[in-house]
Amino acid sequence: MRAKPLVLGGWGRAPTARLAAFRPERLGELREALVKTAGAGGLLARGGGRSYGDQALNSGGHVLLTERLDRVLSFDPATGVLVAEPGLSFRTLLRVFLPRGWLAPASPGTGFATLGGAVANDVHGKNHDRNGSFGDHVLWLELVLADGSLRRVSPQDDAALFRATIGGMGLTGIITALAVKLMPAPSNAVDMTARRVGDLDGFMAALSAERARAFYSVGWIDALARGRRLGRGILEIAEPAREGVASSNKAARRVPVDFPGFALNRWSVRAFNAAYFRHVPADGTARREPLEQFLYPLDALVDWNRIYGKRGFHQFQCVIPDDAAPRGIALLLEAVARAGAASFLAVLKTLGGEGRGMLSFPQRGFTLALDLPRRSGTPTLFSRLEAITLDHGGRIYLAKDALLSPGGFQRMYPRLGEFRRVLEEVDPHNRFTSDMARRLLVKPPHDQTIDHAA
């Protein structure tokens, strides 16, 4: 197995990194990759490439592409326990197991993410208040550690390493297999209602009311609206449907070219957001739609990140605790609108509580996600958003990040010291590393540097 020189990026297309990539097809090749990369810039497992920033990059080093390690190893229909390799995608999982009446209990916003990536980021979905995040349903993990040994960890066995791996950004080892408990699904569809909400206060009140009763809830916010319309948007509520719908063979559309930089500006995005707000009738709408369409709406537009052009974009996502969220979310939206950052519709959801992992993102509160085109003023705007988040007791989601400061990271993740102690034990020589780990000083600093491609 040979490593191939590549230039890779995250889903935001910025930054990119020159590195060498292995693409194993057998688990035995993982140890081979460890041997070949000893003293050569470190190694990092990379799944579907859907983290937005530099988390799955390793400039000047190596990555291990897990896309071909995607086998279902076993499934027990009596318990719903699935054992799979880390490269299995949520899209494949849904298409294989939903016809059998089973579904991932927590799913990210794209079906192209992998189960290994879901562990590394402890992903959440539109039902966090009810089902928590993905790591809450993982029964055990098998890891190849830095010394080449294979170890199975769980909440009962080697619990500290298990908690460090959930949300641990791939820095504890390479996942070779995982067991996760799926949830029953009565059909392949949800009954979804959508309605307009005129402002942020109304939106947060509606989400607060629905978090205790709705199975799925999510808000789409006009991030450029200001004044009395600040925080206006569309609230979607969904419940598992008792009856299914016919499967659609409609092919996904594709963005064929990179949009020019001038196409995204405050006027074009404001016009799009206004049209999106009005596409739902004033009295609301209700329909039954396929689960795949509801869970992964943007997957219907392949390569949608090309809309932001060759320069790419950064995504900002934070969570702010319930008590501080009304003021904190308002300040975040005001800062984005004032900067005219040309963000398409933002996403607002509620989260139900802390995750299992030492570096898990969720805490009880409101989470806001929005895209920021990569421009000269974007780092300054991000710094302002980071400061607002810190001032209101929140944290930023590492799966989306490329700009968070090391100091902000340390303040947002209070279990970082515990995480570092686990890494000192299982990887004292920093065999597993990434550009994000170096930027945020997740591990003790060493002589590796980040050499981003243009």
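The values are calculated or read from the model by the stated rules, or taken from the named source; none is laboratory data. All of these numbers come straight from a predicted model, not from anything done at the bench. Glycine gets a Cβ as well: all are built from the backbone with ideal geometry, and neighbour counts include every protein chain shown. Just the protein is used for accessible areas: all its heavy atoms, side chains included, with ligands, DNA and RNA removed. Shrake-Rupley method; radii C 1.70, N 1.55, O 1.52, S 1.80 Å.
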Quick check on Arg196: is it open to solvent by 20 Å² or more (accessible area, probe 1.4 Å) and in a strand (DSSP E or B)? yes
Considering residues of region 281-315 that are modelled with pLDDT of 95 or more and of a type in the set (Lys, Arg) only, the residue farthest from Ser107 (Cα to Cα): Arg287
For region 110-133, check the following and say yes or no: at least one residue is open to solvent by 10 Å² or more (accessible area, probe 1.4 Å), over 13 Å from the mean Cα position of the chain (by Cα) and closer than 30 Å to Thr37 by Cα. no
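So that you can scan it fast, the table gives a plain yes or no per residue for (1) free of Cβ contacts under 8 Å to residues at least 24 places away in the same chain; (2) open to solvent by 50 Å² or more (accessible area, probe 1.4 Å); (3) under 25 Å from the mean Cα position of the chain (by Cα):
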residue	(1), (2), (3)
Lys4	yes, yes, no
Leu8	no, no, yes
Arg23	no, yes, yes
Ala40	yes, no, no
Anything in region 145-169 that is in contact with a strand residue (DSSP E or B) (Cβ under 8 Å, 6 or more places away or on another chain) and closer than 18 Å to Thr114 by Cα? List them, or say none. Thr165, Ile166
Top-ranked residue in region 365-405 [being of a type in the set (Gly, Ala, Ser) and modelled with pLDDT under 95; ranked as surrounded by the most Cβ atoms within 10 Å (Cβ to Cβ)]: Gly377
For Phe259: the one exception among (1) part of a loop (DSSP other than H, G, I, E, B); (2) in contact with a Cys (Cβ under 8 Å, 6 or more places away or on another chain): (2)
Hey, Gly61 closer than 25 Å to Leu398 by Cα and not aromatic (Phe, Trp, Tyr) or not: yes
Qualifying residues in region 270-309 (those that are under 21 Å from Ala399 (Cα atoms) and of a type in the set (D, E, K, R)) - the one surrounded by the fewest Cβ atoms within 10 Å (Cβ to Cβ): Asp303
Taking the residues in region 406-428 that are more than 28 Å from Asp222 (Cα to Cα) and among the aliphatic types (A, V, I, L, M) as candidates, determine which candidate is surrounded by the fewest Cβ atoms within 10 Å (Cβ to Cβ). Leu416
Residues of region 342-364 satisfying the condition of being among the basic types (Lys, Arg) and either surrounded by 19 or more Cβ atoms within 10 Å (Cβ to Cβ) or touching a Cys at 6+ places or on another chain (Cβ under 8 Å) (or both): Lys349, Arg356
Scan region 219-229 and give yes if some residue there is assigned to a loop (DSSP other than H, G, I, E, B), over 29 Å from Ala330 (Cα atoms), open to solvent by 80 Å² or more (accessible area, probe 1.4 Å) and touching an Asp or Glu at 6+ places or on another chain (Cβ under 9 Å), otherwise no. no
Which one of these is surrounded by 19 or more Cβ atoms within 10 Å (Cβ to Cβ), in contact with a Phe, Trp or Tyr (Cβ under 6 Å, 6 or more places away or on another chain) and of a type outside the set (Val, Ile, Thr): Leu161, Leu178, Leu171? Leu171
State all residues of region 316-341 that are open to solvent by less than 30 Å² (accessible area, probe 1.4 Å), modelled with pLDDT of 95 or more and outside any helix (DSSP H, G or I); if no residue qualifies, say none. Phe316, Gln317, Cys318, Val319, Ile320
For region 232-269, the count of residues that are within 27 Å of Ser208 (Cα to Cα) and surrounded by 13 or more Cβ atoms within 10 Å (Cβ to Cβ) equals 10
Candidates Gly170, Gly125, Gly148, filtered to the one that is part of a loop (DSSP other than H, G, I, E, B), closer than 19 Å to Cys318 by Cα and of a type outside the set (A, V, I, L, M, F, W, C): Gly125
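Every residue, every condition in (1) of a type in the set (D, E, K, R); (2) modelled with pLDDT of 95 or more; (3) buried (at least 17 other Cβ atoms within 10 Å of the Cβ); (4) on the phi > 0 side of the Ramachandran plot, yes or no:
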{"position": "Trp11", "(1), (2), (3), (4)": "no, yes, yes, no"}
{"position": "Asp54", "(1), (2), (3), (4)": "yes, yes, yes, no"}
{"position": "Gly61", "(1), (2), (3), (4)": "no, yes, yes, no"}
{"position": "Leu73", "(1), (2), (3), (4)": "no, yes, no, no"}
{"position": "Leu82", "(1), (2), (3), (4)": "no, yes, yes, no"}
{"position": "Thr92", "(1), (2), (3), (4)": "no, yes, yes, no"}
{"position": "Arg95", "(1), (2), (3), (4)": "yes, yes, no, no"}
{"position": "Arg100", "(1), (2), (3), (4)": "yes, yes, no, no"}
Out of all the residues in region 66-102, which are over 18 Å from the mean Cα position of the chain (by Cα) and either under 26 Å from Leu359 (Cβ atoms) or among the β-branched types (Val, Ile, Thr) (or both)? Leu69, Asp70, Val72, Thr79, Val81, Leu82, Val83, Ala84, Glu85, Val96
